[in-house]
Amino acid sequence: MAIKPDCDKCGNELKDFGGILFGPPDKEGTVKKSHLCVDCYNQIKKELR
C-alpha cells in the first residue's frame, strides 16, 4: 500500500508531487517537514518572490 499524505496547508490528499517545506531547526536540532500540494507550493513560491 502506497503512502498518500495530505497537504499540510490545505488538507487535500496529494495526487501529484508538490513540494516539501522544511522549517528551521529548534534547540534540539529537530526540523519540521510539511508536505505541500502543487497549488499550495505554487502559492508559497509566489509569496517568496
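The values are calculated or read from the model by the stated rules, or taken from the named source; none is laboratory data. Please read all numbers here as calculations on a predicted model, not as lab measurements. Virtual Cβ from ideal backbone geometry, glycine too; neighbours counted across all protein chains shown. Quick note on the areas: whole protein, heavy atoms, side chains included, nothing else; ligands and nucleic acids left out. Shrake-Rupley method; radii C 1.70, N 1.55, O 1.52, S 1.80 Å.
Things to note:
- Whole-number accessible area per residue in Å² for the chain, which is evaluated in the context of all protein chains at 1.4 Å: 91 Å²
- Accessible carbon and sulfur surface of the chain relative to its total accessible area, %, 1.4 Å: 54 percent
- Using the Cα coordinates of the chain, the gyration tensor eigenvalues translate into equivalent-ellipsoid semi-axes of 20, 17, 7 Å, sorted from longest to shortest.
- Per residue, the chain reaches -7000 deg cm²/dmol at 222 nm when only DSSP H runs of four or more residues are counted, each adding -39500 (n - 2.57).
- Relative contact order (%) - the chain, alpha-carbon pairs under 8 angstrom, separation at least six: 36 percent
- Near Glu47: Cβ cut-off under 14 Å, other residues only, Lys/Arg at +1 and Asp/Glu at -1. The net charge is +3.
- Net dipole in debye of the chain [+1 Lys, Arg Cβ; -1 Asp, Glu Cβ; about Cα centre; nearest 20]: 160 debye
- Hits among lysines - C-alpha to C-alpha of Lys46 under 27 Å, sequence gap 8 or more where chains match: Lys4, Lys9, Lys15, Lys32, Lys33
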